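Worksheet: one structure, shown below.
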Amino acid sequence: MQTDQSKFPFSRRDLLRGAVAGTGAVLLSQTAGAAPGDGRQSVIGMPFEPRENVRMGLIGCGGRGSSMLKEYLGVDGVTVTAVCDVVKDAALRAQATVERAGQHPPAVYANGERDFENLLKRDDVDFAYIPTPWEWHVPMALAAMNNGKHAFVEVPAAATIEDCWKLVDTSEKTRRHCLMLENCCYGYNELMVLNMIRGGLFGDLLYGEGAYLHDLRRLLFEDRDEGLWRRLPHTRQNGNLYPTHGLGPVANYMGINRGDRFDYLVSMSSPERGLDAWREAHVPKDSPKWKEKYICGDLNTSLIKTANGLVITVQHDVVNPHPYDRTNLIAGVKGIFRDYPPRIYFDDPEAEEYTPIDKFKEQYEHPLWKHEGELARKLGGHGGMDFLMVYRLIECMHKGLAPDLDVYDAAAWSAPEPLSEASVAQGSAPAKFPDFTRGRWKEKRAGIA
């Protein structure tokens, strides 16, 4: 969603809300939200109502929204009935994209930053897709669910523990799904390695690593699109601002919320240098950007311990020169996989080197890639993972299946953002994860089919 920076609601987050100082640990409340026995039902395993055609309302027609719109239009049985953006020209471009795909022109909502509420009152919207600035994810998702629509939110779903609980509580209360669209879980290597883990090739898992290492300096300082808002969290928070791309696949490998869960996190940040250096080299001295003070450390490293004792390293750096890297590592007692580039090693007394993963493709290539991979690579962004994510989601809606991922995953995978900030602020003290499933994480169940 394209946004006028002067209108964007940057309320200061109280991310240490509920922290107890002086104990040597950051104790964030696990009791927020509904308690067991209050009559509220979990949405774990809750199927979509089956629909031959599903109707989408698009809220946010900027770079990500316009790109993903084409993915949805590439899947049979999806009708776009309404589009919304605070920039009318962006909404009209989205409307034209839908028309070119052969559909009836969708209704346009572009009358201010709250016009999405009118879109969500429509009777011909089954789900809202929300690729907007991060601050809007929670209010828009809550409005969607409270109006009887499923909410499909871009990453991260929420930025505070309180808002994570709001998404969980509202999903349970309204019986509407709130899903975070973590496309990296549908990457080719990620799904093949997931199949190999399920096949027992790695044995008992021990540890994993995920990261978002992506040079975004030019984007962050642009005077349009994400440059209007994505730089500002660096002036307000010091932690991992964007944990889910690296963390989501590792959580899938480990069965988080499906027999294990995140228990606690410790975090530390390097000094801040990258944004200051870029501004010095590229931003005119009379720019208002020189009034900004960046406080987020360039590299944040967090360690997560799971209830079953596994360890996950998560890193974030978007302000220094380096190639794109999500790390994507998983290790067990029988072997280890490392990505970027993809390589693998299994217990072999005659070899001490990684080998390519190509020889495993025939047996362990995921069915989604085997059956839809050619179309995904042709149509889809990010190497095809965007299309496969959308394809699988719509398939679940058509067939009346439960989604692969749910609101509990959205909350747990988003929680490292506020928890890392809390831990950094307390000298890397442990920060406890809430149990968003309220005890049901112990139930082993399927993840991505």
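The values are calculated or read from the model by the stated rules, or taken from the named source; none is laboratory data. None of the values given here were measured: they were computed from a predicted structure. For neighbour counting, all protein chains shown are included, and Cβ atoms are generated from backbone atoms with ideal geometry for every residue, glycine included. Surface accessibility is based on the protein's heavy atoms, side chains included, excluding ligands, DNA and RNA. Shrake-Rupley method; radii C 1.70, N 1.55, O 1.52, S 1.80 Å.
A few comments on the model shown:
- Failed item, numbered, when Trp290 is tested on (1) in a loop (DSSP other than H, G, I, E, B); (2) of a type in the set (Phe, Trp, Tyr); (3) without any contact (Cβ under 8 Å) to a residue 40 or more places away in the chain: (1)
- When Pro349, Pro321 are checked against the criterion of being within 30 Å of Asp276 (Cβ to Cβ) and surrounded by fewer than 10 Cβ atoms within 10 Å (Cβ to Cβ), Pro321 stands alone in meeting it.
- Meets criteria (without any contact (Cβ under 8 Å) to a residue 60 or more places away in the chain and surrounded by fewer than 23 Cβ atoms within 10 Å (Cβ to Cβ)) for Asp124: no
- Neighbours by Cβ (under 8 Å, 6+ apart or cross-chain): first from the range 252-274, among the aliphatic types (A, V, I, L, M); second open to solvent by 20 Å² or more (accessible area, probe 1.4 Å) and not in a strand (DSSP E or B): Met254/Leu310; Ile256/Trp441; Leu265/Pro430; Val266/Ser428; Val266/Pro430; Met268/Val424; Met268/Ser428
- The lone criterion from (1) of a type outside the set (Val, Ile, Thr); (2) open to solvent by less than 20 Å² (accessible area, probe 1.4 Å); (3) touching a Gly at 6+ places or on another chain (Cβ under 9 Å) left unmet by Arg218 is number (2).
- In the set (1) under 19 Å from His245 (Cα atoms); (2) at pLDDT 95 or above, the condition left unmet by Gly439 is number (1).
- Any hit, the range 367-377, residues being part of a helix (DSSP H, G or I), closer than 27 Å to Asp204 by Cβ and either in contact with a strand residue (DSSP E or B) (Cβ under 9 Å, 6 or more places away or on another chain) or of a type in the set (A, V, I, L, M, F, W, C) (or both): yes
Per-residue answers, yes or no, for (1) in contact with a Phe, Trp or Tyr (Cβ under 9 Å, 6 or more places away or on another chain); (2) at pLDDT 95 or above; (3) not charged (D, E, K, R):
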{"site": "Val78", "(1), (2), (3)": "yes, yes, yes"}
{"site": "Val83", "(1), (2), (3)": "yes, yes, yes"}
{"site": "Pro105", "(1), (2), (3)": "no, yes, yes"}
{"site": "Asp123", "(1), (2), (3)": "no, yes, no"}
{"site": "Met145", "(1), (2), (3)": "no, yes, yes"}
{"site": "Val168", "(1), (2), (3)": "yes, yes, yes"}
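- Restricting the first member to the range 202-222 and to residues that are closer than 17 Å to Pro156 by Cα, and the second to residues that are open to solvent by 50 Å² or more (accessible area, probe 1.4 Å) and in a loop (DSSP other than H, G, I, E, B), the beta-carbon pairs closer than 6 Å and six or more apart or on different chains are Leu213/His322; His214/Tyr324.
- Note on the range 375-410: among residues that are of a type in the set (Gly, Ala, Ser) and open to solvent by 10 Å² or more (accessible area, probe 1.4 Å), the one that is nearest to His177 (Cα to Cα) is Ala402.
- Test for Glu395: is it without any contact (Cβ under 8 Å) to a residue 12 or more places away in the chain and assigned to a loop (DSSP other than H, G, I, E, B): no
- Any chance His366 is within 24 Å of Glu209 (Cα to Cα) and modelled with pLDDT of 95 or more: yes
- Scanning the range 324-335 for residues that are part of a strand (DSSP E or B) and open to solvent by 20 Å² or more (accessible area, probe 1.4 Å) yields one hit, Asp325.
- Which numbered condition Gly227 misses (of (1) in contact (Cβ under 8 Å) with a residue 60 or more places away in the chain; (2) touching a Leu at 6+ places or on another chain (Cβ under 7 Å); (3) surrounded by fewer than 19 Cβ atoms within 10 Å (Cβ to Cβ)): (1)
- None of Val108, Val98, Val138, Val86 is within 24 Å of the chain's Cα centre (by Cα) and either over 29 Å from Cys164 (Cβ atoms) or open to solvent by less than 20 Å² (accessible area, probe 1.4 Å) (or both) except Val138.
- Each residue in the range 411-432 was checked for being surrounded by fewer than 24 Cβ atoms within 10 Å (Cβ to Cβ) and of a type outside the set (Gly, Ala, Ser), and 3 pass.
- Members of the range 297-318 that are open to solvent by less than 50 Å² (accessible area, probe 1.4 Å), under 19 Å from the mean Cα position of the chain (by Cα) and over 28 Å from Arg218 (Cβ atoms): Ile304, Ile312
- Qualifying residue in the range 106-129 (condition: β-branched (Val, Ile, Thr) and farther than 29 Å from Arg438 by Cα): yes
- Some residue of the range 34-50 being of a type outside the set (Phe, Trp, Tyr), closer than 30 Å to Thr235 by Cα, in contact with a strand residue (DSSP E or B) (Cβ under 9 Å, 6 or more places away or on another chain) and modelled with pLDDT of 50 or more: no
- The one condition in (1) under 22 Å from Trp229 (Cα atoms); (2) buried (at least 19 other Cβ atoms within 10 Å of the Cβ); (3) touching a residue at least 60 places away in the same chain (Cβ under 8 Å) that Gly63 fails to fulfil: (2)
- Per-region count, the range 238-252, residues open to solvent by 10 Å² or more (accessible area, probe 1.4 Å) and either of a type in the set (A, V, I, L, M, F, W, C) or more than 15 Å from the chain's Cα centre (by Cα) (or both): 1
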